[in-house]
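Reviewing the structure listed below.
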Amino acid sequence: MKPLKNLYLYFQDGQRLALRFPKQSEDPVDVARSLRKQLESPFLSIEVDGDLLLIPRESIKYLQICPMPAALPDPTILGAEVID
């Protein structure tokens, strides 16, 4: 069984959507390329239970992927922590 990833989408209106999905690829370069394509698209496209969700990028405040992919989009700031 492939390892699971969690995706948390935080929307402009304050809502949150939590999703779980299997690791999409073992190739870190392919993961980084796919992530970059998703970020450049006007819609985030996700298959959920046999349905296609198309989420407009402008409605997303930010997203969080846990655990983080092995390869990250360039440039990514590393070693940050959330502070109050």
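Overview of results
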quantity	calculated
Read-out log10 I(q)/I(0) by the Debye sum over Cα atoms at q = 0.11, 0.16, 0.26 Å⁻¹, derived from the coordinates shown; its label in [x] -0.68, -0.89, -1.28; [y] -0.32, -0.71, -1.64; [z] -0.26, -0.55, -1.62	[y]
HN-Hα J in Hz across the range 3-17 - Karplus 6.51, -1.76, 1.60, θ = phi - 60°, x for Gly and Pro	x, 9, 10, 10, 10, 10, 9, 10, 9, 4, 8, x, 6, 9, 10
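Readers should treat all values here as calculations from the given coordinates under stated rules, not as data from a laboratory. As the structure is a computational prediction, the values presented were derived from the model and not from experiment.
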